[in-house]
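> This is the structure I have questions about; it appears just below.
The values are calculated or read from the model by the stated rules, or taken from the named source; none is laboratory data. Since this is a predicted model, take the numbers as computed values, not measurements. All Cβ positions, even for glycine, are placed from backbone atoms using ideal geometry, and neighbour counts span all protein chains on display.
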Amino acid sequence: MSHREKRKVFIHIGSPKTGTTSFQKALWNTRDSLASDHDTWVVSGKIFPGRGISQCIEIALFVLRSGLDSSPRRTLQEFGNAEISREELQRTLLGELGLNYGKFIISNEDLFFARTKQEASCLLSLLEGFDVAIVLVLRDRNAFARSYNHQVQKQGSQSEDRESVNYTQSDSWIYNYGDCMDTYAYIFGADKVRTIFYDAEVAANRSILPAIWEACELPASLVNNISAIWENAAESGINQVINRNPHGAGTSRSSLLSDIRHRITNLIENI
């Protein structure tokens, strides 16, 4: 077996509003350490700027069915690359996957919108010869529907087209998690799909990040450092608020700390 056949690729697919941006920011901030110390390359694509997060727009453009009005299509317009070819996308992705690392991490939430075996097969063909694991993050359907509908309305992109990703009525295909899970399981194998339930992880650990990190088999020390940075930043901000408001300092500091940390966690996870 060749070195290429032994290498691993983890595809993180977070349904919208499940901390995907938080995970991608963590990847961006640790990408150099992952590459130099942990034989891991974060595939961020080379066509579009990273903007401080490691999201691989190219993978979604390559995989998703044509005509789907997903955010990567809008990104093409934004960067003036509307005519970019599938061949160029493939060359870009294979260029990174051809680097001499033992593990690769790809994160893109738009892959959640893949619902056909053709799309999953397209992804498999790109990763031929690699040991692939799909890390799928799902949220309670009702909570997801409310949050996603609010996001679409805020963007002003609502659609009455039932095939659109911006059709958010209760009968939308977007809310049918089973189709997404079954599609990837059918093509890659059920044992290759790792499902994380957002609500349970946040309730137990106050954050989704450690669960995704572990599922992608990334070093715990790095995610612990990131969590500590966020915690210290929150503590510093809390102390400033208390110092500026001495009347509230002597009441229930521990309760205030807990409440504000909880609010900060929710904000981070739902960016």
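> Mind checking whether some residue in the stretch 131-147 is exposed (fewer than 12 other Cβ atoms within 10 Å of the Cβ), within 27 Å of E201 (Cα to Cα) and not aliphatic (A, V, I, L, M)?
yes
> Also: Say whether the condition of being in contact with a His (Cβ under 6 Å, 6 or more places away or on another chain) and modelled with pLDDT of 95 or more is met by at least one residue in the stretch 135-143.
yes
> Which of (1) more than 20 Å from N108 (Cα to Cα); (2) surrounded by 14 or more Cβ atoms within 10 Å (Cβ to Cβ); (3) of a type outside the set (A, V, I, L, M); (4) modelled with pLDDT under 95 is the odd one out, the single condition S172 does not satisfy?
The one condition S172 does not meet is (4).
> Take G45 and decide whether it is out of contact with any helix residue (DSSP H, G or I) (no Cβ under 6 Å at 6 or more places or on another chain), at pLDDT below 90 and under 30 Å from G156 (Cβ atoms).
When the stated conditions are applied, G45 does not pass them.
> Which of the residues belonging to the stretch 137-171 are part of a loop (DSSP other than H, G, I, E, B) and either acidic (D, E) or without any contact (Cβ under 8 Å) to a residue 12 or more places away in the chain (or both)?
Listed by number, the residues that qualify are D140, G156, S157, Q158, E160, D161, R162, E163, Y167, Q169, D171.
> Looking at (1) outside any helix (DSSP H, G or I); (2) surrounded by fewer than 20 Cβ atoms within 10 Å (Cβ to Cβ); (3) at pLDDT 95 or above, can you tell me which one E83 breaks?
(3)
> Now a separate question. Only one of (1) acidic (D, E); (2) at pLDDT below 85; (3) under 22 Å from F23 (Cβ atoms) is not met by E217, so which one is it?
The failed condition is (2).
> Now for a different question. Search the stretch 8-37 for residues being under 25 Å from D191 (Cα atoms) and at pLDDT 95 or above, and hand back the single one that is surrounded by the fewest Cβ atoms within 10 Å (Cβ to Cβ).
By that ranking, first place goes to K8.
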